[in-house]
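In what follows, a structure is listed as structure tokens, so that the remarks can point back to it.
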Amino acid sequence: MNDFARRAASRAVFASTRDRGRRRARRRARWRARSARDAQGGANFERLIRRNEWLFPQPERDDEREALDAFWLAKGARDERQRARLVAMGRELASGVAERELYGDADALGHATRRLEAMFPRGTDVAKMLWHCPEVLQLPLSEVARRLIALKRAFPRVNAERVLEGNPRALLMDDLSVVADAVDELQLEFPRVDMVAVIEFEPHVIQRALPARVRALKSIKPCDRSASLRAFYPPRVDDPPSFEPMKNAQLFAKVFLLTTECSFPRGDV
């Protein structure tokens, strides 16, 4: 190979090497630019999370979950699924920092529960109330006292504490006098049935929908009443002389709620 050919080959090799170096440099530059954008995007995303953390609740730590589970277990919640629901209720109920600190911390929850227990006579199962309606803890103690007094005034012959154990949502109701009037209507409609016993057996009779349930019941024509419902009504003219209306409070509670269930669900309290 002459000198000219060798120089040409050397220039070709040099050019090829230079091109490869430039390509590598361009790839490195693109990679650095992409990394910088990704880093900036990640930082922006983290800032978005921090700024709107109420939309992106952080998962509870395992030790917090275990402490809350142990708390509810000590309060008598033996069913594992029920305890899981109670542990998770903080995220469902907590609309602010104070609520998150209350429902998500076993010590704070225990303190609030003890304060609530002091409002009720000894033997009242406050923990059972909280299983069914943890929102009660959001009420100030003064408001709990006021609503408890209102419940006792509306239903003076009823064991209010026993009712609240089974239906703590009654503490959240503001129209107890209207509900009490509906109970009086029921008593007039079924004079042989003790409505106090009905409420104490089935506390969910005390609900916002009770006036509408009573109206629905009274609108049923005598010929359309079920046999179980007719059994509680006073005797009609065409009834046999031996007919005696039933007065079993427990059975009446079930018949009443079942008869009016289609229009006013039991959970509508």
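The values are calculated or read from the model by the stated rules, or taken from the named source; none is laboratory data. As the structure is a computational prediction, the values presented were derived from the model and not from experiment. When we count neighbours, we look across all protein chains shown, and the Cβ atoms used for this are built from the backbone with ideal geometry, even at glycine.
Checked against (1) within 30 Å of Phe120 (Cβ to Cβ); (2) of a type in the set (A, V, I, L, M, F, W, C); (3) surrounded by 13 or more Cβ atoms within 10 Å (Cβ to Cβ), Ile149 passes all but condition (3). Exactly one residue out of Leu172, Leu164, Leu188, Leu210 is under 30 Å from Leu116 (Cα atoms), of a type outside the set (Lys, Arg) and surrounded by fewer than 18 Cβ atoms within 10 Å (Cβ to Cβ): that is Leu172. Residue-level check: of (1) in a helix (DSSP H, G or I); (2) without any contact (Cβ under 8 Å) to a residue 24 or more places away in the chain; (3) aromatic (Phe, Trp, Tyr), Phe252 misses just (2). Quick check, is Val269 surrounded by 18 or more Cβ atoms within 10 Å (Cβ to Cβ) and either at pLDDT 95 or above or over 30 Å from Leu130 (Cβ atoms) (or both)? No.
Which residues, taken from the range 214-240, are over 20 Å from Gln250 (Cα atoms), part of a loop (DSSP other than H, G, I, E, B) and either at pLDDT below 90 or acidic (Asp, Glu) (or both)? Pro235, Arg236, Val237, Asp238, Asp239, Pro240, listed by residue number.
Screening Gln138 on (1) of a type in the set (S, T, N, Q); (2) farther than 20 Å from Phe201 by Cα; (3) at pLDDT 90 or above shows it passes everything except condition (3).
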